[in-house]
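First comes the structure, then the notes that go with it.
The values are calculated or read from the model by the stated rules, or taken from the named source; none is laboratory data. It should be emphasised that the depicted structure is a prediction, and the values quoted were computed from it without experimental measurement. Glycine also receives a Cβ, built like all others from the backbone with ideal geometry; neighbour counts cover every protein chain displayed.
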Amino acid sequence: MKERLDLKSGGHGETKFHCVTFILGADLFGIQINFIREIIEFDGITEVPMMPNFVRGIINLRGSVVPVIDLSIRFGRGLTELKPSTCVAILSLPGLENGYSDVGILLDAVCEVLEIPEGDIDPSPSFGSSIRGDFIQGIATINQRFAILLNVQQALSVAELSSMAETVAQQYLSDDAEVL
């Protein structure tokens with residue numbers, strides 16, 4: 001029998017994993033609620049040239065430019081198909097220099113806000129998942145369906161995403177120099 005994931009055991013009662021669940025493709029996912037700033041309707045996106053393919057573009061959120069990540073592509077799957085239920089979750093992630101960065105992620109649909117007892121969360125599987133193991137915080141069963149609980153700080157590492165964008169930009173600039 002597998003051991004359960006024990007993130008933080010409390011004294012009087014079992015701690016709970018507070019999350020928002022959502023659909024991406026055919027799969028159910030969860031993200032810790034403390035990272036989610038808000039969820040907005042998808043209302044278009046401005047594509048930005050020379051970005052990694054999983055950066056779908058940017059949106060204007062009350063005067064702030066927010067990059068939007070396509071999690072499906074980030075997880076090595078295909079492009080997220082835009083549907084009437086598509087929305088953007090705005091996450092506030094620990095960023096560079098002790099600040100926070102807002103990042104949007106495309107979701108096929110939002111399901112519900114849940115409190116999952118941490119004793120009901122299994123550790124990340126070492127095989128059988130199409131997502132990098134370090135992107136997964138654990139697996140829970142919700143309504144007889146597996147839900148992948150994301151480790152948002154790994155899957156959407158601001159430092160890693162910035163590094164990737166910089167590499168793509170440098171590659172593009174060096175390709176331009178060769179053309180001249």
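Computed quantities for the displayed model
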{"quantity": "Conditions (1) crowded, with 19+ Cβ neighbours inside 10 Å; (2) modelled with pLDDT of 90 or more; (3) of a type in the set (A, V, I, L, M); (4) touching a Gly at 6+ places or on another chain (Cβ under 9 Å): number failed by Ile131", "calculated": "(2)"}
{"quantity": "Pair list, Cβ under 9 Å, 6 or more apart: the stretch 35-53 residue of a type in the set (S, T, N, Q), other residue part of a loop (DSSP other than H, G, I, E, B)", "calculated": "Asn53/Asp70; Asn53/Leu79"}
{"quantity": "Residues satisfying the stated conditions in the stretch 13-55, i.e. among the acidic types (Asp, Glu), assigned to a loop (DSSP other than H, G, I, E, B) and within 15 Å of Ala109 (Cα to Cα)", "calculated": "Asp43"}
{"quantity": "Answer from Glu118, Glu41, Glu112 - the residue that is of a type outside the set (A, V, I, L, M, F, W, C) and farther than 16 Å from Ile148 by Cβ", "calculated": "Glu41"}
{"quantity": "Qualifying positions in the stretch 85-109 - surrounded by fewer than 17 Cβ atoms within 10 Å (Cβ to Cβ) and closer than 26 Å to Gln144 by Cα", "calculated": "Ser85, Thr86, Ala109"}
{"quantity": "Unique match (being surrounded by fewer than 17 Cβ atoms within 10 Å (Cβ to Cβ) and either closer than 30 Å to Ile121 by Cβ or under 13 Å from the mean Cα position of the chain (by Cα) (or both)) among Gly30, Gly78, Gly44", "calculated": "Gly78"}
{"quantity": "First in the stretch 108-119 and under 26 Å from Phe42 (Cα atoms), second anywhere and polar (S, T, N, Q), Cβ under 7 Å, 6 or more apart", "calculated": "Asp108/Thr80; Asp108/Ser85; Asp108/Thr86; Ala109/Ser85; Cys111/Thr21; Glu112/Thr21; Leu114/Thr21"}
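For (1) touching a residue at least 40 places away in the same chain (Cβ under 8 Å); (2) in a loop (DSSP other than H, G, I, E, B), each residue gets a yes or a no:
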site	(1), (2)
Ile58	no, no
Val65	no, no
Val68	no, no
Gly76	yes, yes
Thr80	yes, yes
Pro84	no, yes
